[in-house]
Every structure is written in structure tokens, then in C-alpha cells.
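Notes follow once the structure below has been shown.
The values are calculated or read from the model by the stated rules, or taken from the named source; none is laboratory data. Quick caveat: nothing in here was measured; it's all calculated off a predicted structure. For neighbour counting, all protein chains shown are included, and Cβ atoms are generated from backbone atoms with ideal geometry for every residue, glycine included. Please note that ligands, DNA and RNA were not included when accessible areas were found on the heavy atoms of the full protein model with its side chains. Shrake-Rupley method; radii C 1.70, N 1.55, O 1.52, S 1.80 Å.
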Amino acid sequence: QVQLVESGGGLVKPGGSLRLSCAASGIIFSMYTMRWYRQAPGKQRELVSVITNGGNTNYPDSVKGRFTISRDNANNTVSLQMNSLEPEDTAVYLCNAQWIFGRTNYWGQGTQVTVSS
């Protein structure tokens, strides 16, 4: 019953922008910490952003200043605005929901982001 559905990926040129969205269903969205990860071939899964149910955010140095995470509890969605994209940002981007009262986690299917000229 739980679903996380990502959208918004695609092919962009270096320096371009994309906005990813993750629509959640089957959960009480406001009770979940939301995270975006990315997975590139040959690399470890990397956390790229996190937002708590209270709206606090964090980013690793690799994306800080370029990516912005936000959530819309009324529409059960979390978004990732990605600016100044670089070829190194190419990856499958995955949405994750963690229940704030425990370690229960759910994952989306992923959306491909390719940054290339």
C-alpha cells in the first residue's frame, strides 16, 4: 500500500536545472523524515539531502549551495530543486521516507538524472 513515486528526472546540460518530486501515499506523511539519495554505477549510495517533519534541512558538501529540498505536507510530496548541475551529478535519484518513531523505511523506484553536453 505504501508508495513513493519519483518524477522529474531527465537529460540536462551542465549548468542546467531540474526539479525532482516524490509523491507519497499509504503513510501519514507528516510523521516521516524525508531524504533524497543518489546511486551512480560504481559508487556508494550517497545521501544528498534530508528534511525533517519540522522542516529542518541538511546537505553534504557535494551539493550544498546547489540543491534545495522542500516538502509540502498538504500534498504529501517532497521536492529537490537542483541547480548548476554537473556531470558528476549523474545518477539515479531515490526518495526515502523514515518513520520518525523508529527505523521503518520506504523507498521509491528512482528517477534517472543525466548531466551531459
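Considering only residues in the range 91-103 that are open to solvent by 40 Å² or more (accessible area, probe 1.4 Å) and touching a strand residue (DSSP E or B) at 6+ places or on another chain (Cβ under 7 Å), the one that is farthest from Ile51 (Cα to Cα) turns out to be Val92.
The set of residues in the range 74-88 that are of a type in the set (A, V, I, L, M, F, W, C) and open to solvent by less than 70 Å² (accessible area, probe 1.4 Å) comprises Val78, Leu80, Met82, Leu85. Pairs are defined by a Cβ separation below 8 Å, a sequence spacing of at least 6 or placement on different chains, a first member in the range 34-49 that is within 11 Å of Asp89 (Cα to Cα), and a second member that is of a type in the set (D, E, K, R) and open to solvent by 90 Å² or more (accessible area, probe 1.4 Å); the pairs so defined are Arg38/Arg45; Gln39/Arg45. Taking the range 21-49 as the range and being hydrophobic (A, V, I, L, M, F, W, C) and open to solvent by 20 Å² or more (accessible area, probe 1.4 Å) as the test, the residues that pass are Ala23, Ile27, Ile28, Met31, Leu47. Listed conditions (1) in contact (Cβ under 8 Å) with a residue 60 or more places away in the chain; (2) within 28 Å of Gln1 (Cβ to Cβ); (3) surrounded by 15 or more Cβ atoms within 10 Å (Cβ to Cβ) are all met by Val115, apart from (2). The residues of the range 5-28 that are assigned to a loop (DSSP other than H, G, I, E, B) and among the aliphatic types (A, V, I, L, M), listed by number, are Ile27, Ile28. Taken over the range 50-73, the criterion of being surrounded by fewer than 18 Cβ atoms within 10 Å (Cβ to Cβ) and either among the basic types (Lys, Arg) or touching a His at 6+ places or on another chain (Cβ under 7 Å) (or both) is satisfied by Lys64, Arg66.
Using the structure shown, decide if Asp72 is farther than 20 Å from Thr33 by Cβ and at pLDDT 95 or above. Spelling it out, it is not the case that Asp72 is farther than 20 Å from Thr33 by Cβ and at pLDDT 95 or above.
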